[in-house]
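K.L.:
First the structure, then my questions, so here it is.
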Amino acid sequence: MSIPSENQCYRIMAKMAMLPNILAHSIRVCQVATLLVESLNSGGRHLNPDLIKAAALLHDITKTRSLNTKERHDGTGADYLQEQGYPEVADTVRQHVRLAGFEAQGGPTAAEIVNYADKRVMHDTVVSLDERMADLMKRYNGSSELGSWLDCMHREAEAIEAKLFADLPFSATELSDHLDLLDFEKKLERFRTANQGSP
């Protein structure tokens, strides 16, 4: 399995000229996903933390350009990462908006963790699913078809939340209490350090 390191992820993010707000969002999503995978693994799960961290950092890799092109950034981001030689990361990124399939039974997957972490971060702040989905409804308000799609996404995220937190020693409402606030600033600094001297 080929997985980019944290510094390689930061270089990819810089190469794709990721906007600062999308960069900050991605780093916060990675922080949430990392907490979830480490806590689940401490409880006996055997998830790949490197895969989850890389997919969380890179889940919005084509989001900046999508603001102009109107492309589906989940699909094009996955295609880009596939082309770079990271098929497992690509598969996880492809599912960060909607899962390819969800099974309530069985252990959590990398795609479920990254999908859920993304749904808990509004900009660079950890919020409840209800707050995040209300923000998405307001920002992407349009057709009733879109509203129905967002409702399905909300229900899926709630199902993932129930599955994940059945295995965790803290509740969904306590998630932000377990995050290392300084780690966010450290990751921003690591991004700057990894890209010193980059054009």
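K.L.:
Quick one: which of K15/K63; K119/K163; K138/K163 span more than 19 angstrom between C-alpha atoms?
P.N.:
Details: K15/K63 13 Å; K119/K163 15 Å; K138/K163 27 Å.
Table pairs above 19 Å Cα-Cα are K138/K163.
K.L.:
Over the chain, with a Gaussian network built from C-alpha contacts below 10 Å, which listed residue (A166, A33, A14) shows the highest mean-square fluctuation?
P.N.:
Taking springs between Cα atoms under 10 Å, the residue moving most is A166.
K.L.:
In addition: Taking 7 Å along the Cα-to-C-beta vector as the label spot, tell me the F184-E71 distance in nanometres, rounded to one decimal.
P.N.:
Label-label distance for F184 and E71, simple model: 2.9 nm.
K.L.:
Figure the gain on full extension for S2 and A17 (residue separation times 0.36 nm, minus the Cα-Cα span) and round it to one decimal in nm.
P.N.:
3.1 nm
K.L.:
Where does each of 116-125, 131-140, 16-25 land if you order them by average Cβ count within 10 Å, highest first?
P.N.:
Descending mean neighbour count gives 116-125, 16-25, 131-140.
K.L.:
Could you calculate the contour length gain from W149 to H123, that is, 0.36 nm times the residue separation minus the distance between their Cα atoms, to one decimal place in nm?
P.N.:
The span from W149 to H123 would gain 7.3 nm if fully extended.
K.L.:
Per the helix-only calculation at 222 nm, which mean residue ellipticity applies to the chain, given -39500 (n - 2.57) for every DSSP H run of n ≥ 4 and division by its residues, nearest 500 deg cm²/dmol?
P.N.:
-20000 deg cm²/dmol, from helical runs alone.
K.L.:
At 7 Å along the Cα-to-beta-carbon direction for both A134 and E83, put a label point, then send me their distance in nm to one decimal.
P.N.:
4.0
K.L.:
Is any helix in the chain, taking whole DSSP H runs, at least 24 angstrom long along its axis by alpha carbon and on average at least -1.0 on the Kyte-Doolittle scale, and which ones?
P.N.:
Helix filter hits for the chain: 20-42, 144-165.
K.L.:
When C152, C30 are ordered from fewest to most other Cβ atoms inside 10 Å of their Cβ, what list results?
P.N.:
On the way: C152 11, C30 26.
Fewest-to-most ranking of C152, C30: C152, C30.
K.L.:
Next question, about the same structure. Can you put T76, T92, T69 in order, fewest other beta carbons within 10 Å first?
P.N.:
Going from sparsest to densest Cβ surroundings: T69, T76, T92.
No lab work stands behind these numbers, since they all come straight from the coordinates. Values in this document were obtained by computation on a predicted structure and should not be read as measured data. Every residue, glycine among them, receives a Cβ derived from its backbone with ideal geometry; neighbour counts consider all protein chains shown.
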